[in-house]
Structures are given as structure tokens and as C-alpha cells.
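Beneath this line is the structure, given in C-alpha cells, with notes to follow.
The values are calculated or read from the model by the stated rules, or taken from the named source; none is laboratory data. Remember, predicted model here, so these are calculated numbers, not experimental data. As a convention, Cβ positions derive from the backbone with ideal geometry for all residues, glycine included, and neighbour counts pool all protein chains shown. Accessible surface areas use protein heavy atoms only, side chains included; no ligands, DNA or RNA. Shrake-Rupley method; radii C 1.70, N 1.55, O 1.52, S 1.80 Å.
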Amino acid sequence: MDTGTGGGTTADAVPGTDAPQPAGGPLAGLRVVELAGIGPGPFAAMILGDLGADVVRVDRPGSGWPHIDPRWDTTNRNKRSVLLDLKREGAAERVLDLVERADVLLEGYRPGVAERLGVGPDACLTRNPRLVYGRMTGWGQEGPLAHRAGHDIDYIAITGALGVIGPADGRPAVPANLLGDYAGGSLYLAVGVLAALHRVRAGGAGQVVDAAIVDGTAHLTTMLHGMMAAGAWQDRREANLLDGGTPWYDTYAAADGRHLAIGPLEPRFWEEFLDLVGLAGDPTLPDREDPARRSELRAAIAARIAERTREEWMEVFAGTEACVAPVLSLREAPHHPHLAARGTFVEHDGLVQPAPAPRFSATPGTVRRGPARPGADVVAVARDWGVPGLAEFCGSEPLPAPGAPDSPGA
């Protein structure tokens with residue numbers, strides 16, 4: 001496992017110039033203000049920080065979410081923190097001082113909250129017309145549900161995405177908050193912000209990016225809608241090629257109760273799989289092209305996989321193209337040989353965590369610093385961003401853990 005030492009990359013010369021290339025990732029030099037919230041907003045800001053941006057998180061005194069010690073909240077890595085109660089007189093002006101020097105602002109409040117606090121799009125873009133103002137909500141800025149409380153599970157439910165996951169005869173399976181908050185939310189906010197920045201760098205004006213989890217999650221289902229229109233996807237669970245509806249794309253329990261993910265979709269991979277599990281040439285084995293006998297085929301595979309432990313099977317499948325992988329736990333994953341060889345997980349200040357992604361050949365992202373402690377960086381931020389009034393307003397001592405003003409929309 002790699003260790004995230006926190007150092008930037010070595011500066012290299014930019015081709016055709018004598019100037020050094022900034023270290024620390026492809027977004028080095030980009031300034032981001034994050035108005036602290038929960039879930040997808042902090043994760044999107046972490047992505048930008050992982051890629052080298054200078055992210056300043058504006059925390060608020062009070063009880064924070066998640067309810068863990070801030071030093072373990074890895075979604076706040078590669079950030080610095082200042083502490084401001086945005087309901088306090090003069091606090092909004094301090095945020096606008098930062099906005100004036102920023103390239104991006106991210107917020108995840110319910111619609112109208114930022115405006116009431118004095119840091120909405122109009123106030124910020126008046127102060128800095130080139131600013132990209134990123135808004136992260138669950139339901140979006142408009143629509144019948146825009147002002148209603150909700151969480152990941154609610155957003156993915158109405159998009160149809162939750163309805164395609166799980167057994168046909170059981171409840172829809174909840175995929176943690178990975179599908180809505182992070183895939184449908186954070187990643188779309190990050191892409192939207194970078195696209196808007198590209199326009200600014202090309203001479204355009206700043207603008208608002210409205211990233212709604214319902215929009216992003218619905219967008220993720222684009223292929224399924226196309227397949228459904230073509231008659232290649234049934235609108236029910238466990239009845240399709242990629243939702244566990246086929247015996248050759250599913251999970252199976254081994255003898256020790258742990259599981260294998262089996263996905264030999266293509267015929268040649270399927271033949272190799274059958275050979276390795278000892279089912280090749282079995283005259284009683286149903287043809288996989290016969291939908292009426294898929295339950296029999298699934299039972300035959302399940303019975304064979306149940307004969308050995310997960311690790312015994314992985315020895316059988318090692319070096320093959322049968323498309324089989326062990327289903328690992330979060331604690332097991334960093335130790336998988338492939339992930340260890342790639343440095344997919346890193347250790348920084350004793351905390352094992354996923355490394356920044358994706359990878360860049362010239363300006364790789366790094367874990368430069370651990371999770372920001374609320375309010376701990378006000379003096380450094382005031383100095384580096386040229387806003388001495390911030391330090392005077394906040395004071396320089398770290399203050400209690402943050403919470404989000406009002407309820408966030410995501």
C-alpha cells in the first residue's frame with residue numbers, strides 16, 4: 001500500500017517555456033470556496049482538492065454531520081477550514097471577500113438558503129463576474145419537491161435507479177449512498193463546474209451550475225432507457241442481462257459463506273468458466289440460451305461454487321479470463337494484490353483511504369493533507385488569499401465541529 005506523504009509532485013518544465021509546471025495536480029492554482037454541507041457537496045470539493053485545487057471550507061459552529069471526529073472525515077482531506085456563523089452580522093461579507101479571489105464556490109443548501117444568508121449567486125457573481133457558482137441539491141432548484149427534505153434513497157427512488165437493484169421477489173437493494181449522492185450528485189457537480197470553468201477560461205462569463213441528484217441519477221440510466229425502448233430490457237428487477245437476471249452475471253456463495261462475483265458474459269469467457277468449475281461437457285447442464293431453464297443453470301453453478309471456499313476458488317481462477325472476482329469487504333479491499341500494486345488505496349497520517357482518481361501522467365493528484373479541522377486554518381487562509389479581515393473577524397483559535405446552516409437539499 002502506498003503512503004500518502006502529502007508532498008506535491010516534482011515541478012517539471014512546461015514544453016516550450018522555462019517556467020516550472022505547478023506541482024500538486026492538474027488543478028493547482030485553482031481557488032475553491034466550499035460552504036460546508038453534508039454528503040455530495042463535500043465529496044465534490046474533495047475531488048477538486050485531490051486534483052490540486054486550494055479548497056477553503058467555510059464551516060459553521062455547532063454539531064456536525066457525520067457525527068464523527070473531524071480528523072476521520074476523509075471527504076474533508078486536501079482542504080483548509082475557516083469557521084464562520086453565516087447568520088452573524090458581517091459573516092457574509094467575509095465570504096464575499098473570499099469569493100472575490102476565488103474561481104469556484106460550492107454550496108449544498110436548500111433553494112433560497114444561500115440567498116437569505118447573503119451569499120447567493122447574485123451577490124457572489126456581482127462581486128466576481130468570472131465565478132463558477134456550483135449548487136448541489138437533491139431535488140434541484142425548481143420543481144414541486146425543490147423545497148422538500150430528502151436524502152439519497154429518496155432521490156434515486158423516483159428516477160427508477162433504485163427500482164432496478166435487488167431480487168425480483170424482494171425489496172429493492174439500497175446501494176449505500178454511492179449511487180445518488182456521489183455518482184448522480186458529486187461527480188456531476190464536479191464535471192459541471194469544470195465545464196463552466198472551461199468557458200470562463202475561453203473568455204466567457206461566470207455562471208451557476210445547478211447539479212441535482214435526481215437529474216444526475218436519471219442521466220446514469222440513459223443506456224437502460226435505450227435498451228428498454230429496443231425491447232432488450234424489461235422494466236422489472238432480476239430479469240435482464242446486467243441486473244442478476246442471468247446465471248452468468250450474478251454473485252454466488254462459496255463454502256465459507258463469502259461470495260464470488262461471476263460475469264463471463266461473452267461465450268469464450270463462459271466456456272473457460274465452465275471448464276474451470278468442472279461443468280464443461282456436462283450433458284445435464286442446461287443451455288444458457290434457454291431462458292426457461294435458467295433457474296436450473298443457476299442452481300448448478302451455485303452447487304458447484306458452494307463446494308470450495310472463496311479463496312480456494314480464487315486460486316482456481318487466478319490468471320484466467322473467466323471474469324470472476326472475490327466480493328471483498330471495505331477492510332479487505334486495500335489488501336487485494338491488484339489494488340495494492342496500483343496504489344488504489346493510500347495511508348496518510350495512519351488513515352487508510354482511497355487514493356485520488358483519476359490518474360494524470362504529468363500532474364498526479366495526491367493526498368497532501370488530512371481532513372481539515374474546523375476553523376484551524378483561518379490565519380493561513382487570510383494570509384494566502386489576501387483577506388486580513390477574515391482573521392480579525394474569526395479569531396485564530398480552532399473552534400467546535402461544524403454543522404450546516406438549515407437543512408441541506410442533498
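Within segment 65-82, identify whether any single residue is over 23 Å from G350 (Cα atoms), surrounded by 19 or more Cβ atoms within 10 Å (Cβ to Cβ) and modelled with pLDDT of 95 or more, and answer yes or no.
First, pick out the residues of segment 65-82 that are over 23 Å from G350 (Cα atoms): 82.
Subset that is surrounded by 19 or more Cβ atoms within 10 Å (Cβ to Cβ): 82.
In the following step, the residues that additionally are modelled with pLDDT of 95 or more were identified as 82.
Yes, segment 65-82 contains at least one residue that is over 23 Å from G350 (Cα atoms), surrounded by 19 or more Cβ atoms within 10 Å (Cβ to Cβ) and modelled with pLDDT of 95 or more.
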*State yes or no: is L285 open to solvent by less than 20 Å² (accessible area, probe 1.4 Å) and farther than 28 Å from V174 by Cβ?*
no
*asked:* Can you tell me how many residues within segment 273-282 are open to solvent by less than 80 Å² (accessible area, probe 1.4 Å), within 15 Å of I305 (Cα to Cα) and of a type outside the set (V, I, T)?
replied: 6
*Residue by residue through segment 350-387, note down the ones that are farther than 21 Å from M46 by Cβ, open to solvent by 30 Å² or more (accessible area, probe 1.4 Å) and among the small types (G, A, S).*
S361, A362, G386
_Which count do you get for residues in segment 182-224 that are within 19 Å of V32 (Cβ to Cβ) and touching a helix residue (DSSP H, G or I) at 6+ places or on another chain (Cβ under 6 Å)?_
11
*Out of curiosity, is L260 more than 23 Å from Y188 (Cβ to Cβ), touching a helix residue (DSSP H, G or I) at 6+ places or on another chain (Cβ under 7 Å), open to solvent by less than 20 Å² (accessible area, probe 1.4 Å) and part of a strand (DSSP E or B)?*
yes
*asked:* Anything in segment 267-296 that is under 21 Å from M314 (Cβ atoms) and either among the aliphatic types (A, V, I, L, M) or not in a helix (DSSP H, G or I) (or both)? List them, or say none.
replied: L274, L276, V277, G278, L279, A280
*Do we find a residue being out of contact with any Gly (no Cβ under 6 Å at 6 or more places or on another chain), in a loop (DSSP other than H, G, I, E, B) and at positive phi anywhere in segment 313-328?*
yes
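Determine if segment 348-360 includes at least one residue that is assigned to a loop (DSSP other than H, G, I, E, B) and polar (S, T, N, Q).
No, segment 348-360 contains no residue that is assigned to a loop (DSSP other than H, G, I, E, B) and polar (S, T, N, Q).
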*Quick one: W248 ticks every box in (1) without any contact (Cβ under 8 Å) to a residue 40 or more places away in the chain; (2) part of a loop (DSSP other than H, G, I, E, B) except a single one, so which number is it?*
(1)
*List every residue pair whose Cβ atoms lie under 6 Å apart, where the two residues are 6 or more positions apart in sequence or sit on different chains, the first residue falls within segment 153-168 and is free of Cβ contacts under 8 Å to residues at least 24 places away in the same chain and under 15 Å from A183 (Cα atoms), and the second residue, located anywhere, is part of a loop (DSSP other than H, G, I, E, B) and open to solvent by 50 Å² or more (accessible area, probe 1.4 Å).*
L162/P172
*Name every residue in segment 307-349 that is open to solvent by less than 80 Å² (accessible area, probe 1.4 Å), over 22 Å from E271 (Cβ atoms) and small (G, A, S), in order of residue number.*
S329, A333, A340, G343
*segment 175-217, residues that are within 29 Å of L241 (Cβ to Cβ), among the aliphatic types (A, V, I, L, M) and not in a helix (DSSP H, G or I)*: A176
*Look through segment 94-118, keep the residues that are touching a residue at least 12 places away in the same chain (Cβ under 8 Å), more than 20 Å from D54 (Cα to Cα) and not aromatic (F, W, Y), and return whichever of them is most open to solvent (accessible area, probe 1.4 Å).*
R110
